[in-house]
Each structure stands twice: as structure tokens, then as C-alpha cells.
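Peer 1: Sharing a structure here in C-alpha cells format.
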Ligand SMILES: [Zn+2]
């Protein structure tokens, strides 16, 4: 029997911090710790590894937005330095903390939808077997060397 799931969009799964497959189970078991599997549909979250992507995107976006607003506020209102420090530092920290969970859940949902994973490479063979072998002596036009190019034996 096959189960069908009403999969949410990656954006909805991210904003609600839910399973990207069914949209019901919680993605996180802690603040940023990803649960081992979905409590509703059983989907394993072992594939989920956004690494430092969420931190990078959140720090960059919050930094740009808060710094822009800060610069505008400082020019327009000329607030005292203590007020700038008292408002801007909590805004930076609070903005990052507020955005980390949904951005991480969104990136995990994107990984799920696009089946992202580690690159897997297939070998073309050992050195000297098949493929392209570049012979410098032939390319330079030099006489064939009495020394064999390959050991056969
Ligand atoms: Zn699920």
C-alpha cells in the first residue's frame, strides 16, 4: 500500500518548521536540533544537513537589514550612542534568533525536495588504464625513447 502525502511548499514547511514530506510532524526536537524522524509520517530526517547555510544566510540578511535601518535612523534622528547600542545589538541578536529556525527548516525542505546530498563520483579506472594517456615525448616530437613508457609484465 502506498501512502500519499499532501506535501507543503518548501516555504510553508520552513515557516511552520514542519516535516517537508507531510507538513504535520515537527522538524526540530530542540531549538535547532533536527529530530531523527517525522513523528507523523515516519520520514527519516537523516538526509537533513544544511551545515552552516542557515547561519550564513540569516547573519547576512539580518546584518544588512538592521544595519540599513540603523544608518537611516542615525542620519534622520541623530539618536545618542547609548540608544543606538541599546537598540541595535538586541535587534541583531533577536533578528538572528527569530530567523534561524524557519530558515534552517526551509533549507532542509529544499534539500528534501531536490534530493540534495553529498557528491558521488564514479571512478574512471586506475592510472594508466584506459582513458586519455598523455605522452610528453611523443608530443614534443622527440625520438622514441629506448626506455619503455610502460612496464608490461
Ligand atoms: Zn512527516
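Peer 1: What FRET efficiency do you get for residue 44 and residue 15 if R0 is 30 Å and r is their Cβ-Cβ distance, rounded to the nearest 0.05?
Peer 2: Efficiency, from the Cβ-Cβ distance: 0.85.
Peer 1: Exposure proxy check: 11, 100 ranked by fewest other beta carbons within 10 Å?
Peer 2: Values: 11 13, 100 18.
Lowest count first: 11, 100.
Peer 1: Given points 7 Å out from each Cα along the Cα-Cβ axis, report the residue 97 to residue 78 separation in nanometres with one decimal.
Peer 2: 3.4 nm
Peer 1: Counting other beta carbons within 10 Å of each residue's own, what order do 16, 122, 60, 10 fall into, fewest first? Each step should come with its number before you reach the end.
Peer 2: Numbers: 16 15, 122 4, 60 10, 10 19.
Ordered from fewest to most neighbouring Cβ atoms within 10 Å, 16, 122, 60, 10 come out as 122, 60, 16, 10.
Peer 1: Order by neighbour count: 26, 104, 115, fewest other Cβ atoms within 10 Å first, most last.
Peer 2: On the way: 26 15, 104 24, 115 7.
Ordered from fewest to most neighbouring Cβ atoms within 10 Å, 26, 104, 115 come out as 115, 26, 104.
Peer 1: Put one equal scatterer on each alpha carbon of region 29-94, apply the Debye formula with no solvent term, and list log10 I(q)/I(0) at q = 0.11 1/Å to two decimals.
Peer 2: So the normalised log intensities work out to -0.46.
Peer 1: Taking 8 Å as the Cα distance limit and 6 or more residues as the minimum spacing, I'd like the relative contact order of region 10-114 as a percentage.
Peer 2: Working: 119 pairs, mean separation 45.0, N = 105.
Reported as a whole number, the value is 43 percent.
Peer 1: Can I ask one more? Beyond 20 Å, what percent of the Cα pairs of region 1-117 remain? Mind showing how you got there, number by number?
Peer 2: Details: 3312 of 6786 pairs.
Roughly 49 percent, rounded to a whole number.
No lab work stands behind these numbers, since they all come straight from the coordinates. Since the model is a prediction, treat every value here as computed from it, not as a measurement. FYI the Cβ positions are ideal-geometry reconstructions off the backbone, even for glycines, and counts take in every protein chain you see.
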